[in-house]
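This report refers to the structure that appears directly beneath it.
The values are calculated or read from the model by the stated rules, or taken from the named source; none is laboratory data. All of these numbers come straight from a predicted model, not from anything done at the bench. When we count neighbours, we look across all protein chains shown, and the Cβ atoms used for this are built from the backbone with ideal geometry, even at glycine.
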Amino acid sequence: MKNTTIDINESTLKKYVESLRPDNPEIRAQLDFGYSYDGKVALLYEIRPDWNNPKEQQQIEFAKIRFYKSKQEWNLYWMRASGKWELYEPFPKSTHLEKIIQIIKEDKHHCFYG
């Protein structure tokens with residue numbers, strides 16, 4: 001029997017990423033969004049053709065959300081130009097994933113969308 005448990009966190013991530021995706025398939029070929037989630041770490045990324053080889057797609061990560069079970073909280077990280085993840089300040093933690101998604105949407109310090 002197949003496990004049909006619904007992960008509310010993955011559902012929240014999927015809904016957010018779907019809201020970012022362009023409606024037009026032609027635009028999606030040039031810019032799209034995706035995510036990966038393993039139950040404790042979510043990576044949000046852009047999907048674009050490689051600038052050097054447009055036939056290849058690249059995934060450019062822009063946000064990392066990690067759940068710490070011992071603290072029962074989500075932490076938000078952003079990707080520095082150096083390629084290293086850094087804890088997002090001043091609101092890096094929350095017990096609710098929806099609040100973390102809202103911080104990314106607002107992007108007050110232009111860390112996620114430039």
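Remarks
- Tally, over the range 59-83, of residues that are closer than 14 Å to LEU43 by Cβ and of a type outside the set (A, V, I, L, M, F, W, C): 7
- Test result for GLU89, of a type in the set (Asp, Glu), under 21 Å from LYS14 (Cβ atoms) and out of contact with any helix residue (DSSP H, G or I) (no Cβ under 6 Å at 6 or more places or on another chain): no
- Residue within the range 47-56 that is of a type outside the set (Asp, Glu) and within 17 Å of LEU20 (Cα to Cα) present: yes
- Filter pass, ILE65 being among the β-branched types (Val, Ile, Thr) and either buried (at least 17 other Cβ atoms within 10 Å of the Cβ) or more than 12 Å from the chain's Cα centre (by Cα) (or both): yes
- Every residue from the range 93-114 that is in a loop (DSSP other than H, G, I, E, B) and within 14 Å of the chain's Cα centre (by Cα): ASP107, CYS111, PHE112, TYR113
- Residue selected from the range 13-46 under the condition part of a helix (DSSP H, G or I) and modelled with pLDDT under 95, by the criterion surrounded by the most Cβ atoms within 10 Å (Cβ to Cβ): ARG28
- One residue from TRP51, TRP78 being of a type outside the set (S, T, N, Q) and in contact with a strand residue (DSSP E or B) (Cβ under 8 Å, 6 or more places away or on another chain): TRP78
- Only a single item in (1) under 25 Å from LYS108 (Cα atoms); (2) assigned to a strand (DSSP E or B); (3) not β-branched (Val, Ile, Thr) is not met by GLN58, and it is number (1).
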